[in-house]
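The values are calculated or read from the model by the stated rules, or taken from the named source; none is laboratory data. Since the model is a prediction, treat every value here as computed from it, not as a measurement. Quick reminder, even Gly has a Cβ in these numbers, built from the backbone with ideal geometry, and neighbours come from all protein chains shown.
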Amino acid sequence: MSHALPRTHLAGFFAAAGPAPGCGGLSDSLGVRHQQIVDKLAAPVLVRALNEDLARWVGWQLAAVPDDHRELARRVVPPILTRWRCLLDADDTAAETRHRGWVAMAVLLHRYGLADAAVTAHASAAIDSLNRDVVLSDAFARQSPAIKELLATPPPPLKRRPRRPGTLTLLRPGDVVSIQVEAGFHAAFVREVAGGNEYPIIEFYACRFDRPPTLDELSGRAAARDRGQARFGVVGLTYLPDPANQVLALASGHQQPPLGADPRPGEGRYTITDIIRLQQVITRLFNGHDPT
């Protein structure tokens with residue numbers, strides 16, 4: 001029987017996984033380091049997940065536009081914000097978590113040579129709120145002016161691609177999840193996990209919802225498309241619970257995948273994508289376009 005999926009082992013996984021990739025000690029003339037700042041946020045899983053999203057996505061985009069810093073920012077910031085606004089703008093998320101998220105977003109963008117005026121403004125206001133409510137340490141409060149000054153300083157362009165995070169997923173076959181893109185929620189079934197728990201292969205149910213659907217609403221529901229065209233291997237779909245609040249667990253051990261025809265011999269079993277590109281895939285899939 002399916003049941004709600006309260007994954008509780010993230011902290012142990014995070015501790016075993018070691019430091020976040022590409023988030024090392026980059027110094028600056030103001031006496032604070034990006035890593036020191038995010039460490040003081042006391043939100044290691046959130047920081048790690050955001051850093052992995054950025055390291056992977058910045059690396060891919062930097063390979064495409066190595067000499068165009070403005071275009072790099074245009075390619076990176078909007079899709080990253082689309083994913084993380086599910087946390088940053090969520091009314092049902094604790095205010096201090098949202099504040100930590102905005103600061104982490106601004107600091108890590110800066111770490112990767114990027115900045116966004118709106119993100120920086122949100123981060124500055126979040127720093128004030130965290131200090132007013134005495135959420136973090138005295139050291140964070142003391143260094144807040146230097147942190148704000150750092151974020152207001154244009155970051156130097158990134159000169160090399162970040163180290164790519166390893167591929168690992170905590171999702172398991174039979175999990176059912178809801179994936180939010182802007183105001184729409186899209187249910188997917190985990191058919192299998194590829195390799196050594198590298199990434200899940202999911203299949204979308206038909207229909208976009210205005211809230212996370214229930215299992216009753218998914219019972220007997222068809223796949224969004226037949227013959228594997230709604231099946232995707234998603235690199236970076238790692239954590240459950242998802243620190244970005246974009247992917248929500250609906251069930252585990254579920255026995256009813258979406259209904260529909262399997263791929264024919266010679267047809268692809270699924271399409272490889274990643275957690276950021278998946279947003280565009282979902283938009284195209286549920287707007288009647290070719291998702292690939």
*asked:* Being farther than 21 Å from residue 90 by Cα, among the hydroxyl-bearing types (Ser, Thr, Tyr), within 19 Å of the chain's Cα centre (by Cα) and at pLDDT 95 or above: is that true of residue 205 here?
replied: no
*Pick out the one residue from 155, 165 that is in a loop (DSSP other than H, G, I, E, B) and crowded, with 21+ Cβ neighbours inside 10 Å.*
165
*asked:* Give all pairs with beta carbons closer than 7 Å in which a residue from region 62-91 that is modelled with pLDDT under 95 and surrounded by 13 or more Cβ atoms within 10 Å (Cβ to Cβ) meets a residue that is in a helix (DSSP H, G or I) and charged (D, E, K, R); count only pairs at least 6 apart in sequence or on separate chains.
replied: 65/71; 65/75
*Taking residue 100 and the conditions (1) modelled with pLDDT under 95; (2) under 19 Å from residue 150 (Cα atoms), which numbered condition does it fall short on, given that it satisfies the others?*
(1)
*Does any residue of region 229-241 turn out to be within 21 Å of the chain's Cα centre (by Cα) and at positive phi?*
yes
_Can you confirm whether residue 196 is of a type in the set (Gly, Ala, Ser), in a loop (DSSP other than H, G, I, E, B), touching a residue at least 12 places away in the same chain (Cβ under 8 Å) and surrounded by fewer than 22 Cβ atoms within 10 Å (Cβ to Cβ)?_
no
*Just to be sure, is residue 242 assigned by TED's automatic domain parsing to the domain that holds residue 281 and crowded, with 19+ Cβ neighbours inside 10 Å?*
yes
_Unmet criterion (only one of (1) farther than 21 Å from residue 241 by Cβ; (2) in contact (Cβ under 8 Å) with a residue 24 or more places away in the chain) for residue 175_ = (1)
*List every residue pair whose Cβ atoms sit under 6 Å apart, with the two residues 6 or more apart in sequence or on different chains, where the first one lies in region 127-152 and is outside any helix (DSSP H, G or I) and the second, anywhere, is among the acidic types (Asp, Glu).*
135/96
*asked:* Based on this model, can you work out whether residue 241 counts as out of contact with any Phe, Trp or Tyr (no Cβ under 8 Å at 6 or more places or on another chain) and either closer than 17 Å to residue 271 by Cα or not in a loop (DSSP other than H, G, I, E, B) (or both)?
replied: no
*Find the residue count for region 143-175, including only residues that are acidic (Asp, Glu) and within 30 Å of residue 118 (Cα to Cα).*
1
*Output the number of residues of region 199-235 satisfying the condition of being in contact (Cβ under 8 Å) with a residue 40 or more places away in the chain, in contact with a helix residue (DSSP H, G or I) (Cβ under 9 Å, 6 or more places away or on another chain) and not in a loop (DSSP other than H, G, I, E, B).*
5
*Counting only residues that are in contact with a strand residue (DSSP E or B) (Cβ under 8 Å, 6 or more places away or on another chain) and basic (Lys, Arg), how many does region 243-292 have?*
1
_Answer from 55, 49, 42 - the residue that is of a type outside the set (S, T, N, Q), at pLDDT 95 or above and outside any helix (DSSP H, G or I)_ = 42
*asked:* Checking the conditions here, which among 160, 225 is of a type outside the set (S, T, N, Q), more than 18 Å from the chain's Cα centre (by Cα) and modelled with pLDDT of 95 or more?
replied: 225
